[in-house]
Amino acid sequence: MRDIAIGQYYPVDSVMHRLDPRVKILAVLIYIVTIFFIDTFIAYGGLLLFLTAVILLSHVPPLKVLKSLRMIVYLVVFTVLITLLFYNGKPDDLLWQWWIVKIYRTAIHSSLKMALRIMFLIVGPTMLTFTTTPVALTDGVERLLAPLKLIRVPVHSIAMIMSIALRLIPTLVEEMDKIKNAQKARGADFDSKNIFKRAISLVPVLIPLFVSSFRRANDLADAMDSRCYRGAKGRTRMKVLRLTAKDFAAMLIMAAVLFMFLWLNFNFFPGLVDFRALPWFV
Amino acid sequence: MPVEIRGLSYDYDQKTKFQKRALFDIGFTVRDGDFLGIVGHTGSGKSTLVTHFNALNRVQQGTVVVDGVDLSQKFDYKALRAKVGMVFQYPEYQLFDETVYKDVAFGPKNLGLDEREIAVRVEAAIRMVGLDYDAVKERSPFELSGGQMRRAAIAGVLAMRPEILILDEPTAGLDPRGKREVMRLIQGFRAMCKIIVMISHNMDEVAANCSRIIVMNEGRVYGDYAPEELFHNEELLSALRIDMPAVCTLTRRLNERGFSLPEDTLDEAVLLERLVGAVRAKRGGGHA
Ligand SMILES: Nc1ncnc2c1ncn2[C@@H]1O[C@H](COP(=O)(O)OP(=O)(O)OP(=O)(O)O)[C@@H](O)[C@H]1O
Ligand SMILES: [Mg+2]
């Protein structure tokens, strides 16, 4: 469990940790949308600065954040290679050619941007989970989705399902370890080089895992039932989320930052500052 | 085929900030014919220790030698796991196959035995745990009762014919009768396995079955005792915060009420016999 970096809370105290989860969730959503809108290196540079500031403010060790990128290394490398090799640019952008392989200058730009985009997409939400406990997270989601109750979306149940799922992930990982050990003791081999054999060797682990998940689900349902859980109706909260000054400040900053990015990217006021005139604007 | 452990220490999550030492400089030897009980409070490292015997935990520091094979060097995993069988806590949660037969055959199959040998071993193992072979072999293990499932799971380990059998709380979660039956079965395994190691929190079981007891405390071996030596020593027991087996408690209570039974047995039958003798003697004495 302990080497799964994404989706893991990093327990320190910081401004980022103390922000209201709703603000953080909204900020991440805005951040993701922004990533899809911008496509210039100058805006990516701005984004990098912004992320660095967030990471420094969160007191999460930067190395730990970088580690969350470990599992997408292959994805990034693959994307870059594919873009480089199969990009069809204008003839005057052609840099280098060998047999059917053609490398264009625009292809290099585009693949770099793609790689940056993927990495930004991972790091942002990771920062959210690093600084927000699962409980706060589901709480925030529930509150943010509250308007959907009007059209009869079972918001409370969705949030409850989410928090139970998050809570049970480590339990299931632990359980899987145990079952794996038990089957290893019976001579099972999970490290076969042959990928098919390896997949089949997991059957004796997955079946008991499913069985025990159902058993656990049943037990949990009984336990909730016996404590009179009846869903959202008449349920109050122990910790009520309240927006404070720093949350409003964060929202303002986020709005300003968003505006900055779009400005950098789309060069809104060429009369004021003309980013496109910069020689390295691509 | 002795198991020799020397200077064994073990850290969980080594080299991370969660690093936690679970074993400190453990050393002892288990010899053929031993029925070793390992007792100690929860978290004292019992499971961590025994999972070294079949290399589920790799040796980090110190040595573990099983039948001449040094587990801190390179060795043949399969051969080791054929030799050392391990029944985990709640083994019934590891059943997975369609039928009891197939599930029990999983281990022998992994050893690469041929079909005929597998069939012989599976049948013998299922009978050895006291299940009706013809009635259960084609049934789904998930249809069995809790006690039957546990037996089927134990059969899955026995079918590998281990020379060393390790049991981690084999009777946990069973009713008193189920506990007794499982313990009786385990006594029966002594004919097949040269060494049996049992972790248990139930001192009655340990007292009645083990030939030697190792007490663990916070990752260290606190002591290595003969059963009588441990369980009749009240100071030692209270220092170790270990319950007294019912037989000893009963002997003491009886003695407080005027009997003078010798405090040297852990066998209920012996106690009963002595008690009957004492009562008879009293009555006889009264009449004379
Ligand atoms: N997978 C693991 N990761 C990290 N720490 C562990 C792990 N398993 C056990 N530990 C720790 O190691 C120590 C020894 O645990 P172990 O399971 O060996 O104890 P035990 O004597 O078998 O206890 P019990 O009687 O409850 O089964 C405990 O402090 C436990 O928290
Ligand atoms: Mg244990």
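The values are calculated or read from the model by the stated rules, or taken from the named source; none is laboratory data. Bear in mind that the values here come from a model prediction, so they are computed numbers and not experimental data. Positions of Cβ are generated from backbone atoms using ideal geometry, with glycine treated the same way; all protein chains shown enter the neighbour counts. Heavy atoms of the whole protein, side chains included, go into the accessibility calculation; ligands, DNA and RNA do not. Shrake-Rupley method; radii C 1.70, N 1.55, O 1.52, S 1.80 Å.
Table: residues versus (1) buried (at least 20 other Cβ atoms within 10 Å of the Cβ); (2) within 25 Å of A:L26 (Cβ to Cβ).
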{"site": "A:K64", "(1), (2)": "no, yes"}
{"site": "A:L81", "(1), (2)": "no, no"}
{"site": "A:R105", "(1), (2)": "no, no"}
{"site": "A:A136", "(1), (2)": "yes, yes"}
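Can you tell me which of B:G130, B:G27, B:G37 is more than 14 Å from chain A (Cβ to nearest Cβ), under 30 Å from B:S238 (Cα atoms), in contact (Cβ under 8 Å) with a residue 40 or more places away in the chain and surrounded by fewer than 18 Cβ atoms within 10 Å (Cβ to Cβ)?
Just a single option satisfies the conditions, and that option is B:G27.
Go through region A:232-247 and report how many residues are at positive phi and modelled with pLDDT of 80 or more.
0
Can you tell me which condition B:H201 does not meet? The list is (1) part of a loop (DSSP other than H, G, I, E, B); (2) more than 16 Å from ligand 2 (Cβ to nearest atom), and all the others hold.
(2)
Can you tell me which residues in region B:29-48 are on the phi > 0 side of the Ramachandran plot and within 16 Å of ligand 1 (Cβ to nearest atom)?
Listed by number, the residues that qualify are B:G40, B:G43, B:G45.
Under 6 Å between Cβ atoms, at least 6 apart or on separate chains: pull out the pairs that start in region A:140-154 with a residue that is under 18 Å from A:T236 (Cβ atoms) and end on any residue that is open to solvent by 90 Å² or more (accessible area, probe 1.4 Å) and among the small types (G, A, S).
none
Restricting region B:106-121 to residues that are more than 24 Å from the chain's Cα centre (by Cα) and among the hydrophobic types (A, V, I, L, M, F, W, C), which is nearest to the other protein chains (Cβ to nearest Cβ)?
B:L113
Pull up region B:90-105, narrow it to residues that are surrounded by fewer than 18 Cβ atoms within 10 Å (Cβ to Cβ) and within 17 Å of B:V129 (Cα to Cα), then point me to the one that is nearest to the other protein chains (Cβ to nearest Cβ).
B:K102
Pull up region B:52-83, narrow it to residues that are in contact with a helix residue (DSSP H, G or I) (Cβ under 7 Å, 6 or more places away or on another chain), outside any helix (DSSP H, G or I) and open to solvent by less than 30 Å² (accessible area, probe 1.4 Å), then point me to the one that is nearest to ligand 1 (Cβ to nearest atom).
B:N57
Residue check: is A:I35 modelled with pLDDT of 80 or more, at negative phi and open to solvent by less than 20 Å² (accessible area, probe 1.4 Å)?
yes
Of all residues being among the small types (G, A, S) and loosely packed, with under 14 Cβ neighbours inside 10 Å in region A:146-178, which is nearest to ligand 2 (Cβ to nearest atom)? Just the residue, please.
Checking each candidate, the answer is A:A165.
Table: residues versus (1) within 14 Å of chain A (Cβ to nearest Cβ); (2) within 16 Å of ligand 2 (Cβ to nearest atom); (3) in contact (Cβ under 8 Å) with a residue 40 or more places away in the chain; (4) open to solvent by 20 Å² or more (accessible area, probe 1.4 Å).
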site: B:I166; (1), (2), (3), (4): yes, yes, yes, no
site: B:P170; (1), (2), (3), (4): yes, yes, yes, no
site: B:K179; (1), (2), (3), (4): no, no, no, yes
site: B:R190; (1), (2), (3), (4): no, no, yes, yes
site: B:V197; (1), (2), (3), (4): yes, yes, yes, no
site: B:C210; (1), (2), (3), (4): no, no, yes, no
site: B:V215; (1), (2), (3), (4): no, yes, yes, no
